[in-house]
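Here the structure is laid out as structure tokens; the discussion comes afterwards.
The values are calculated or read from the model by the stated rules, or taken from the named source; none is laboratory data. Since the structure is predicted, the reported quantities are computational estimates derived from the model, not experimental observations. Glycine gets a Cβ as well: all are built from the backbone with ideal geometry, and neighbour counts include every protein chain shown. The area values use the complete protein model at the heavy-atom level, side chains included, leaving out ligands, DNA and RNA. Shrake-Rupley method; radii C 1.70, N 1.55, O 1.52, S 1.80 Å.
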Amino acid sequence: MDGVAVLKALAALPIAEFVRTSPWAYPILETFHMFGLGLVFGGMFVFDLRLFGVHRELSLVSLAHHILPWVWLGFLINLTSGILLFLSDAVTFGQNLAFQIKSTLLAITGLSVFWFQRQVFPHLAEWDRQTNPPKSAKRLALFSIMLWMAIITAGRMIAYSP
Ligand code: HEM
């Protein structure tokens, strides 16, 4: 079964058919996709700024406990709404360059979250207040902000990409 055949099989799923033919499912899913985007990018931007060393009076540990659960909720909303949006026109989106770039960036995000959990999260208490985080943490913060901006740009470019 080649790639296009797999995409056709996905687009033929009953749930894909439902999203494709329902007058309200697609716009509602796109709306949730924006809610999720706001939670993920808004939360990560504020947290990464602090990880970069901005507003050092703020507790990094409290910020993580307060903000990261909302980021995870936003990611789950976008994973669910995104997969349903994708399935509704899998053949087109699967061959869409911007969507392929976005999916690759999302995979890289998964790796960076894994690295964050192992290399940064255990040390947050050491950098909690008035402490300048090490260069490695600052690099990750900058990389994370740029990665999410690239994902959002690629997402927006899906509608314009050949
Ligand atoms: C947190 C992660 C994600 C972010 C920040 C994100 C962001 C975006 C943005 C900004 C758009 C453009 C919306 C527009 O043009 O109005 C978009 C569209 C889209 N996203 Fe995502 N997305 C995420 C995850 C996903 C996932 C995991 C999938 C699927 C597996 C996905 C599938 C899509 C599809 C199919 C569209 C095109 C919708 C359309 O043009 O009608 N997204 N996304």
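Below, the figures for the structure above:
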| item | result |
| --- | --- |
| Qualifying residue in the stretch 153-162 (condition: within 22 Å of Asn96 (Cα to Cα), open to solvent by 70 Å² or more (accessible area, probe 1.4 Å), of a type outside the set (S, T, N, Q) and not in a helix (DSSP H, G or I)) | yes |
| Scan of the stretch 44-68 for residues that are in contact (Cβ under 8 Å) with a residue 60 or more places away in the chain, within 16 Å of the ligand (Cβ to nearest atom) and open to solvent by 40 Å² or more (accessible area, probe 1.4 Å), ordered by number | Phe45 |
| Filtered residues of the stretch 7-23 (kept if in a helix (DSSP H, G or I) and either in contact (Cβ under 8 Å) with a residue 60 or more places away in the chain or of a type in the set (A, V, I, L, M) (or both)) | Leu7, Lys8, Ala9, Leu10, Ala11, Ile15, Ala16, Val19, Arg20 |
| Filter result for the condition that a residue is of a type in the set (Gly, Ala, Ser), under 18 Å from Met149 (Cα atoms) and modelled with pLDDT under 95, over Gly74, Gly110 | Gly110 |
| Test: Trp148 is aromatic (Phe, Trp, Tyr) and either open to solvent by less than 40 Å² (accessible area, probe 1.4 Å) or not in a helix (DSSP H, G or I) (or both) | yes |
| Search result, residues across the stretch 94-131 that are among the hydroxyl-bearing types (Ser, Thr, Tyr) and free of Cβ contacts under 8 Å to residues at least 60 places away in the same chain | Ser103, Thr104, Thr109, Ser112 |
| Residue tally, condition part of a helix (DSSP H, G or I) and either among the acidic types (Asp, Glu) or in contact (Cβ under 8 Å) with a residue 40 or more places away in the chain (or both), over the stretch 133-145 | 7 |
| Every residue from the stretch 103-162 that is farther than 17 Å from Gly82 by Cα and aromatic (Phe, Trp, Tyr) | Phe114, Trp115, Phe116, Phe121, Trp127, Phe143, Tyr160 |
| Positions within the stretch 94-132 being open to solvent by 40 Å² or more (accessible area, probe 1.4 Å) and outside any helix (DSSP H, G or I), in sequence order | Gln95, Arg129, Gln130, Thr131, Asn132 |
| In the stretch 78-88, residue surrounded by the fewest Cβ atoms within 10 Å (Cβ to Cβ) [restricted to those that are of a type outside the set (S, T, N, Q) and over 12 Å from the mean Cα position of the chain (by Cα)] | Ile83 |
| One residue from Val71, Val4, Val91, Val40 being touching a residue at least 60 places away in the same chain (Cβ under 8 Å), buried (at least 19 other Cβ atoms within 10 Å of the Cβ) and among the β-branched types (Val, Ile, Thr) | Val40 |
